[in-house]
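Please treat every number below as a calculation from the coordinates, not as lab data. The shown structure was predicted, so the numbers you read here are calculated from the model rather than taken from an experiment. Cβ placement follows ideal geometry from the backbone for every residue including glycine, while neighbour counts extend to all protein chains displayed.
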Amino acid sequence: MSGTVPRLSPATVEVPHRPDTVRILHLGPGAFHRAHQAVFTEDAGGGWGICGVTQRSPAVVDQLRPQDCLFTVVERSRTTTSCRVVGTIRDVLFARAEPERLRAYFTDPKVRIVSLTVTEKGYRPDSGVIGQLVAGLEARRATSEAPITVLSCDNLTGNGTVVRSRVLEACARLPHGDSLASWITDHVRFPGTMVDRIVPATTDADRAEVRSVLGVTDEAAVVGEPFRQWVIEDDFAAGRPAWETVGAQLTDDVAPYEAVKLRVLNATHSLLAYRGALAGYDTIAEAVADPVLAEEAAEFMEHDVLPTLVVPDDVDIAAYRRRVLERFANPALRHRTTQVAMDGSQKLPLRLLGTVRDRLAVGEVPIRAVRAVAAWMVYVAVGRDRDGRPLPLDDPLADRLRAAAGGAGQPHAIVDGLLSVREVFGEDLPDHAALRAALVEAVADIAAPVR
């Protein structure tokens with residue numbers, strides 16, 4: 001498809017100053033990492049090169065390796081587009097095919113940080129990522145014993161604590177795992193983080209724009225909005241880049257920032273994704289342009305989410321809520337509703353159900369949050385929009401969810417079936433009568449136009 005247009009490489013573009021040494025091993029170098037942490041790290045300077053490790057597929061290796069790991073970040077605002085070549089990734093490998101190279105990086109004392117963007121499902125106890133981490137830390141202990149930091153950059157409540165717990169649980173299942181767990185406790189840090197930047201899937205049109213602007217073919221280009229945010233718990237075992245000099249916020253307590261982001265931005269994103277997809281909107285910007293959905297999103301943030309938050313002193317929550325909707329409304333990003341709708345079984349407990357539980361605990365049924373959950377249920381059960389177009393169910397529990405939804409039957413059957421999926425709703429929510437009644441009513445209302 002590229003014809004005579006040369007491939008992005010150090011020979012075809014002006015390359016930014018590149019670090020000589022890999023000091024960060026990153027698990028999951030997908031689009032978000034490349035548009036977020038890799039950019040922060042390049043801007044901070046100081047010689048912190050990254051090696052990206054792909055987990056499930058060699059696709060990212062095939063994209064990056066022929067380009068000497070260079071890639072373009074296409075930044076889109078409402079009115080302007082810019083293309084920037086980023087060079088902080090110095091190596092990339094496919095873990096399944098290159099285990100010895102991966103082990104060499106884990107044991108290299110020059111590697112100071114192992115970071116992760118593996119999505120919510122990457123932290124399941126049966127995840128290969130956790131096994132990979134434990135094996136790598138075990139190898140490091142057996143060789144250099146150098147201290148290291150494991151830095152989760154995924155949308156999880158207490159992401160640092162979660163990955164630490166998963167690692168130690170995995171150690172407990174190993175012969176002589178107690179000694180490894182003791183070494184990890186003494187030599188490894190697991191700080192929490194909060195990350196934010198909207199990064200839609202790259203399209204052929206985006207790659208064509210890079211060819212037009214830079215005159216090269218970039219198979220690894222990524223797209224992002226101008227906004228970016230990174231809040232980091234400052235607890236590192238062996239140093240870190242000076243991220244705070246380029247806009248990251250270092251803090252002793254990430255939790256309140258994380259709660260604001262997960263419950264305001266991420267939860268509203270999910271609400272608009274499910275409601276928008278069912279209404280036939282292809283993108284989040286189209287969904288938020290619908291005055292009914294925009295009002296529902298705004299009221300959800302104000303009436304359901306805000307009462308559950310302890311807002312940090314330096315966050316203007318009213319301005320934050322307005323900016324969330326403004327960012328979602330950026331039509332240049334073309335962030336697809338079905339992309340945001342992926343992995344709902346993993347996202348709902350983190351984004352929506354905490355708000356539901358907190359409101360129920362004070363005797364309030366959060367109607368707008370309930371409608372967001374109901375929209376997910378209709379998305380799963382009906383599987384098509386109001387125009388009859390199929391909606392993909394891309395979820396690690398897809399088969400379980402389809403079976404539980406029971407083929408788009410009566411609203412009460414859909415609700416009872418999906419509430420029975422305890423991995424999503426736990427042991428408490430399925431037995432809450434007022435919640436169940438509100439869900440049945442909302443499912444009936446939302447499903448009516450798409451049946």
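Descriptive notes on the structure:
- Charged-residue dipole, Cβ positions (Lys, Arg, Asp, Glu), the chain about Cα centre, Debye nearest 20: 880 debye
- Relative contact order computed over the chain (Cα-Cα under 8 Å; 6+ residues apart), in percent: 14 percent
- Candidate lysines for bridging to Lys347, where Cα separation is under 30 Å - those fewer than 8 sequence places away on the same chain excluded: Lys121, Lys261
- Order of Cys69, Cys83 under a 10 Å beta carbon neighbour criterion, fewest first: Cys83, Cys69
- A straight chain from Tyr320 to Ser179 at 0.36 nm per residue would run longer than the Cα-Cα distance by 46.2 nm.
- Each of Gly344, Thr88, Ser152 was scored by the projection of its Cα onto the charge dipole of the chain, and the greatest displacement toward the positive side belongs to Thr88; charges sit on the C-beta of Lys, Arg, Asp and Glu.
- Remark: the Cα gyration tensor places the range 22-251 in the prolate category, a/c being 1.5 or greater and a/b exceeding b/c.
- Gyration tensor verdict on the range 178-327 (Cα atoms; rounded if a/c is under 1.5, prolate if a/b is larger than b/c, oblate otherwise): oblate
- Degrees separating the helix 128-142 axis from the principal Cα axis of the chain, which is the longest one: 30 degrees
- Dipole axis of the chain (+1 Lys, Arg; -1 Asp, Glu on Cβ), positive-most option in Ala289, Ala181, Ala277: Ala277
- Basic side chains Lys and Arg get +1 at the Cβ, acidic Asp and Glu get -1 at the Cβ, and with that the dipole of the range 22-251 about its Cα centre reaches some 180 debye.
- Taking a sphere under 13 Å around the Cβ of Thr21 and counting the other residues whose Cβ falls inside, with K and R at +1 and D and E at -1, yields a net charge of +2.
- Förster-model FRET efficiency, 22 Å R0, Ala433 and His303, C-beta, rounded to 0.05: 0.50
- Inter-centroid distance (Cα atoms) of the range 405-424 relative to the range 177-191, Å: 42 Å
- The ranking of Arg321, Arg211 from fewest to most other beta carbons within 10 Å of each one's beta carbon is Arg211, Arg321.
- For the range 255-450, a simple Cβ point-charge model (Lys and Arg +1, Asp and Glu -1, everything else neutral) yields a dipole of about 360 debye relative to the Cα centre.
- Cβ crowding within 10 Å ranks Ile148, Ile367 as Ile367, Ile148, fewest other Cβ atoms first.
- Candidate lysines - alpha carbon under 26 Å from Lys110, same-chain residues fewer than 8 apart omitted: none
- Karplus-derived 3J(HN,Hα) values for the range 438-449, using 6.51 cos²θ - 1.76 cosθ + 1.60 with θ = phi - 60°, are 5, 5, 4, 5, 5, 4, 4, 5, 6, 6, 3, x Hz; glycine and proline are entered as x.
- Cα gyration tensor, the range 255-450 - rounded (a/c under 1.5), prolate or oblate: oblate
- Over the range 255-450, Cα pairs under 8 Å with separation of 6+ residues give a relative contact order of 25 percent.
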